[in-house]
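Report on one structure; see the data block that follows.
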(Lines give C-alpha, C1' and ligand atoms only; values in the text may rest on other atoms or scores of the structure.)
Protein backbone atom coordinates (compact mmCIF):
# COMPACT_ATOMS: atom_id res chain seq x y z
CA UNK A 1 0.00 0.00 0.00
CA UNK A 2 2.83 2.37 0.91
CA UNK A 3 4.63 1.52 -2.31
CA UNK A 4 1.48 2.27 -4.31
CA UNK A 5 1.06 5.63 -2.58
CA UNK A 6 4.68 6.50 -3.30
CA UNK A 7 4.29 5.53 -6.95
CA UNK A 8 1.14 7.67 -7.25
CA UNK A 9 2.91 10.65 -5.69
CA UNK A 10 5.88 10.19 -8.01
CA UNK A 11 3.59 9.84 -11.04
CA UNK A 12 1.69 13.02 -10.20
CA UNK A 13 4.97 14.89 -9.61
CA UNK A 14 6.46 13.73 -12.90
CA UNK A 15 3.28 14.72 -14.78
CA UNK A 16 3.31 18.19 -13.22
CA UNK A 17 7.03 18.64 -13.96
CA UNK A 18 6.52 17.49 -17.55
CA UNK A 19 3.71 20.00 -18.02
CA UNK A 20 6.00 22.74 -16.70
CA UNK A 21 8.77 21.71 -19.10
CA UNK A 22 6.39 21.91 -22.06
CA UNK A 23 5.06 25.26 -20.84
CA UNK A 24 8.64 26.55 -20.81
CA UNK A 25 9.24 25.26 -24.34
CA UNK A 26 5.99 26.78 -25.53
CA UNK A 27 6.80 30.13 -23.95
CA UNK A 28 10.33 30.15 -25.36
CA UNK A 29 9.03 29.35 -28.84
CA UNK A 30 6.30 31.99 -28.54
CA UNK A 31 8.81 34.67 -27.56
CA UNK A 32 11.13 33.61 -30.38
CA UNK A 33 8.34 33.76 -32.96
CA UNK A 34 6.98 37.06 -31.71
CA UNK A 35 10.49 38.53 -31.54
CA UNK A 36 11.28 37.49 -35.12
CA UNK A 37 7.98 38.94 -36.33
CA UNK A 38 8.61 42.21 -34.48
CA UNK A 39 12.11 42.45 -36.00
CA UNK A 40 10.74 41.88 -39.50
CA UNK A 41 8.07 44.53 -38.99
CA UNK A 42 10.69 46.95 -37.70
CA UNK A 43 12.93 46.30 -40.71
CA UNK A 44 9.98 46.97 -43.03
CA UNK A 45 9.31 50.44 -41.61
CA UNK A 46 9.90 53.43 -43.85
CA UNK A 47 13.54 54.57 -43.92
CA UNK A 48 14.58 57.41 -41.62
CA UNK A 49 17.54 59.75 -42.11
CA UNK A 50 20.62 58.91 -40.09
CA UNK A 51 20.97 61.77 -37.56
CA UNK A 52 23.94 64.04 -38.02
CA UNK A 53 26.86 63.15 -35.75
CA UNK A 54 24.87 60.17 -34.45
CA UNK A 55 26.51 58.26 -31.63
CA UNK A 56 25.83 56.06 -28.63
CA UNK A 57 22.15 55.43 -27.93
CA UNK A 58 21.10 57.34 -31.04
CA UNK A 59 22.74 54.67 -33.16
CA UNK A 60 21.66 51.72 -31.00
CA UNK A 61 18.02 52.79 -31.17
CA UNK A 62 18.17 52.51 -34.97
CA UNK A 63 19.63 48.99 -35.15
CA UNK A 64 17.41 46.84 -37.34
CA UNK A 65 15.81 49.83 -39.06
CA UNK A 66 16.22 51.18 -42.55
CA UNK A 67 18.12 54.45 -42.65
CA UNK A 68 19.25 56.77 -45.40
CA UNK A 69 22.42 58.83 -45.58
CA UNK A 70 24.05 61.05 -48.16
CA UNK A 71 27.74 61.31 -48.92
CA UNK A 72 30.54 59.78 -50.97
CA UNK A 73 32.17 56.36 -51.10
CA UNK A 74 35.84 55.95 -50.22
CA UNK A 75 36.72 53.05 -52.58
CA UNK A 76 40.29 52.79 -51.29
CA UNK A 77 38.86 51.37 -48.06
CA UNK A 78 37.14 48.13 -49.02
CA UNK A 79 37.10 44.49 -47.87
CA UNK A 80 35.61 41.18 -48.86
CA UNK A 81 33.70 39.79 -45.87
CA UNK A 82 33.14 36.13 -45.01
CA UNK A 83 34.82 32.75 -44.60
CA UNK A 84 33.17 31.00 -47.57
CA UNK A 85 31.44 32.05 -50.79
CA UNK A 86 29.44 34.11 -51.44
CA UNK A 87 31.37 36.99 -49.93
CA UNK A 88 29.96 40.36 -48.98
CA UNK A 89 31.70 43.58 -49.98
CA UNK A 90 32.03 46.34 -47.38
CA UNK A 91 33.17 49.80 -48.44
CA UNK A 92 33.80 52.97 -46.44
CA UNK A 93 31.35 55.84 -47.00
CA UNK A 94 31.83 59.38 -45.72
CA UNK A 95 28.52 61.04 -44.84
CA UNK A 96 27.94 64.77 -45.29
CA UNK A 97 28.62 65.40 -41.58
CA UNK A 98 32.06 63.75 -41.88
CA UNK A 99 31.11 60.47 -40.20
CA UNK A 100 32.54 57.38 -41.88
CA UNK A 101 30.06 54.49 -42.26
CA UNK A 102 30.86 50.91 -43.25
CA UNK A 103 28.41 49.91 -45.99
CA UNK A 104 27.89 46.32 -47.09
CA UNK A 105 27.10 46.95 -50.74
CA UNK A 106 26.19 43.39 -51.71
CA UNK A 107 27.62 39.93 -52.40
CA UNK A 108 29.90 38.35 -54.98
CA UNK A 109 31.22 34.86 -55.63
CA UNK A 110 34.82 34.06 -54.75
CA UNK A 111 35.83 34.41 -58.43
CA UNK A 112 33.85 37.57 -59.09
CA UNK A 113 35.36 41.06 -58.93
CA UNK A 114 32.93 43.52 -57.29
CA UNK A 115 31.86 46.53 -59.28
CA UNK A 116 33.23 49.90 -58.23
CA UNK A 117 31.00 51.96 -55.93
CA UNK A 118 29.22 55.01 -57.34
CA UNK A 119 31.27 58.17 -57.60
CA UNK A 120 30.27 61.60 -56.36
CA UNK A 121 27.56 62.41 -53.83
CA UNK A 122 24.90 59.71 -53.56
CA UNK A 123 22.10 58.79 -51.16
CA UNK A 124 22.05 55.21 -49.91
CA UNK A 125 19.38 53.24 -48.03
CA UNK A 126 19.84 50.10 -46.00
CA UNK A 127 19.46 48.35 -42.66
CA UNK A 128 21.58 49.66 -39.82
CA UNK A 129 23.22 46.80 -37.92
CA UNK A 130 25.50 46.47 -34.87
CA UNK A 131 29.05 45.20 -35.12
CA UNK A 132 29.17 41.48 -35.89
CA UNK A 133 30.50 38.88 -33.46
CA UNK A 134 33.71 36.94 -33.98
CA UNK A 135 33.41 33.80 -36.09
CA UNK A 136 35.28 30.55 -35.62
CA UNK A 137 36.48 27.98 -38.09
CA UNK A 138 38.97 27.94 -40.93
CA UNK A 139 38.08 29.89 -44.09
CA UNK A 140 37.64 28.18 -47.42
CA UNK A 141 40.85 28.05 -49.48
CA UNK A 142 41.47 30.44 -52.33
CA UNK A 143 39.37 33.35 -51.09
CA UNK A 144 40.23 36.79 -52.52
CA UNK A 145 41.96 39.48 -50.50
CA UNK A 146 41.88 41.84 -48.69
CA UNK A 147 39.29 40.00 -46.63
CA UNK A 148 37.91 40.04 -43.10
CA UNK A 149 35.80 37.22 -41.58
CA UNK A 150 33.02 39.53 -40.37
CA UNK A 151 32.16 43.22 -40.10
CA UNK A 152 33.94 43.96 -36.83
CA UNK A 153 33.73 47.72 -36.41
CA UNK A 154 36.36 47.59 -33.67
CA UNK A 155 38.87 46.38 -36.25
CA UNK A 156 37.76 48.76 -39.00
CA UNK A 157 38.11 51.68 -36.57
CA UNK A 158 41.84 50.94 -36.38
CA UNK A 159 42.31 50.97 -40.16
CA UNK A 160 39.71 53.35 -41.59
CA UNK A 161 39.40 57.13 -41.22
CA UNK A 162 37.72 58.50 -38.11
CA UNK A 163 35.12 59.00 -36.80
CA UNK A 164 33.62 55.59 -37.64
CA UNK A 165 29.91 55.09 -36.93
CA UNK A 166 29.12 52.43 -34.32
CA UNK A 167 26.99 50.51 -36.77
CA UNK A 168 27.17 49.44 -40.39
CA UNK A 169 24.69 49.64 -43.24
CA UNK A 170 23.57 46.74 -45.43
CA UNK A 171 22.12 48.03 -48.69
CA UNK A 172 18.66 46.96 -49.72
CA UNK A 173 17.95 45.03 -52.90
CA UNK A 174 17.37 48.12 -55.02
CA UNK A 175 20.64 49.86 -54.16
CA UNK A 176 22.68 46.65 -54.29
CA UNK A 177 21.28 45.68 -57.69
CA UNK A 178 21.97 49.19 -58.97
CA UNK A 179 25.64 48.52 -58.24
CA UNK A 180 25.52 45.17 -60.11
CA UNK A 181 25.79 43.20 -56.86
CA UNK A 182 23.65 40.50 -55.30
CA UNK A 183 21.85 41.78 -52.16
CA UNK A 184 23.46 40.49 -48.96
CA UNK A 185 21.49 38.39 -46.51
CA UNK A 186 20.83 40.11 -43.20
CA UNK A 187 20.45 38.47 -39.78
CA UNK A 188 18.29 40.89 -37.83
CA UNK A 189 19.42 41.81 -34.31
CA UNK A 190 17.59 40.40 -31.30
CA UNK A 191 14.94 42.53 -29.68
CA UNK A 192 15.61 44.40 -26.44
CA UNK A 193 13.50 42.01 -24.36
CA UNK A 194 15.11 38.79 -25.61
CA UNK A 195 17.10 38.07 -22.44
CA UNK A 196 14.15 38.95 -20.19
CA UNK A 197 11.75 36.79 -22.17
CA UNK A 198 14.20 33.88 -22.14
CA UNK A 199 14.27 34.23 -18.36
CA UNK A 200 10.51 33.85 -18.17
CA UNK A 201 10.73 30.55 -20.04
CA UNK A 202 13.60 29.41 -17.81
CA UNK A 203 11.41 29.95 -14.75
CA UNK A 204 9.12 27.11 -15.83
CA UNK A 205 12.07 24.72 -16.00
CA UNK A 206 13.25 25.81 -12.56
CA UNK A 207 9.74 25.14 -11.24
CA UNK A 208 9.81 21.70 -12.87
CA UNK A 209 13.07 20.78 -11.12
CA UNK A 210 11.72 22.07 -7.81
CA UNK A 211 8.52 20.05 -8.28
CA UNK A 212 10.52 16.85 -8.85
CA UNK A 213 12.66 17.45 -5.77
CA UNK A 214 9.60 18.07 -3.59
CA UNK A 215 7.89 15.00 -5.07
CA UNK A 216 10.78 12.72 -4.09
CA UNK A 217 10.88 14.24 -0.60
CA UNK A 218 7.14 13.76 -0.19
CA UNK A 219 7.27 10.18 -1.48
CA UNK A 220 10.06 9.25 0.91
CA UNK A 221 8.14 10.75 3.81
CA UNK A 222 5.24 8.32 3.37
CA UNK A 223 5.47 5.69 6.10
CA UNK A 224 3.67 2.40 6.62
CA UNK A 225 1.20 3.02 9.47
CA UNK A 226 1.40 -0.68 10.43
CA UNK A 227 5.10 -0.52 11.31
CA UNK A 228 5.86 -0.38 15.04
CA UNK A 229 7.04 3.01 16.23
CA UNK A 230 10.29 3.35 18.09
CA UNK A 231 9.60 3.37 21.86
CA UNK A 232 9.90 6.65 23.62
CA UNK A 233 12.73 7.04 26.09
CA UNK A 234 10.98 6.96 29.48
CA UNK A 235 14.15 6.54 31.48
CA UNK A 236 14.34 9.34 33.99
CA UNK A 237 17.60 10.86 34.97
CA UNK A 238 18.27 10.22 38.63
CA UNK A 239 18.01 13.29 40.77
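The values are calculated or read from the model by the stated rules, or taken from the named source; none is laboratory data. Quick caveat: nothing in here was measured; it's all calculated off a predicted structure. Quick reminder, even Gly has a Cβ in these numbers, built from the backbone with ideal geometry, and neighbours come from all protein chains shown.
Residue 98 versus (1) loosely packed, with under 15 Cβ neighbours inside 10 Å; (2) in contact (Cβ under 8 Å) with a residue 60 or more places away in the chain; (3) farther than 14 Å from residue 51 by Cα: which is the lone unmet condition?
Of (1) loosely packed, with under 15 Cβ neighbours inside 10 Å; (2) in contact (Cβ under 8 Å) with a residue 60 or more places away in the chain; (3) farther than 14 Å from residue 51 by Cα, only one is false for residue 98: (3).
For the stretch 37-66, what are the residues that are assigned to a strand (DSSP E or B) and surrounded by 19 or more Cβ atoms within 10 Å (Cβ to Cβ)?
Within the stretch 37-66, 66 is the sole residue that qualifies.
Which pairs turn up if I take residues in the stretch 1-29 that are at negative phi and at pLDDT below 80 and look for partners that are outside any helix (DSSP H, G or I) and loosely packed, with under 14 Cβ neighbours inside 10 Å with beta carbon separation below 6 Å, at least 6 apart in sequence or on another chain?
2/224
Could you give me the residue pairs with C-beta distances under 8 Å whose first residue belongs to the stretch 169-184 and is in contact (Cβ under 8 Å) with a residue 24 or more places away in the chain and at positive phi, whose second residue is outside any helix (DSSP H, G or I) and surrounded by fewer than 22 Cβ atoms within 10 Å (Cβ to Cβ) wherever it lies, and which are 6+ apart or on separate chains?
Going by the 8 Å Cβ cut-off, the qualifying pairs are 180/115.
Of everything in the stretch 171-204, what is over 20 Å from the mean Cα position of the chain (by Cα), surrounded by 17 or more Cβ atoms within 10 Å (Cβ to Cβ) and either at pLDDT 75 or above or in a loop (DSSP other than H, G, I, E, B) (or both)? Give them in sequence order.
171, 172, 175, 176, 179, 181, 183
Among the residues of the stretch 124-170, count how many are under 19 Å from residue 84 (Cα atoms) and either part of a loop (DSSP other than H, G, I, E, B) or touching a helix residue (DSSP H, G or I) at 6+ places or on another chain (Cβ under 8 Å) (or both).
20
In the set 69, 74, which member is farther than 15 Å from residue 147 by Cα and crowded, with 22+ Cβ neighbours inside 10 Å?
69
Considering the stretch 101-123 alone, what residues qualify as being in contact (Cβ under 8 Å) with a residue 60 or more places away in the chain and part of a loop (DSSP other than H, G, I, E, B)?
Result: 114, 115, 117, 118.
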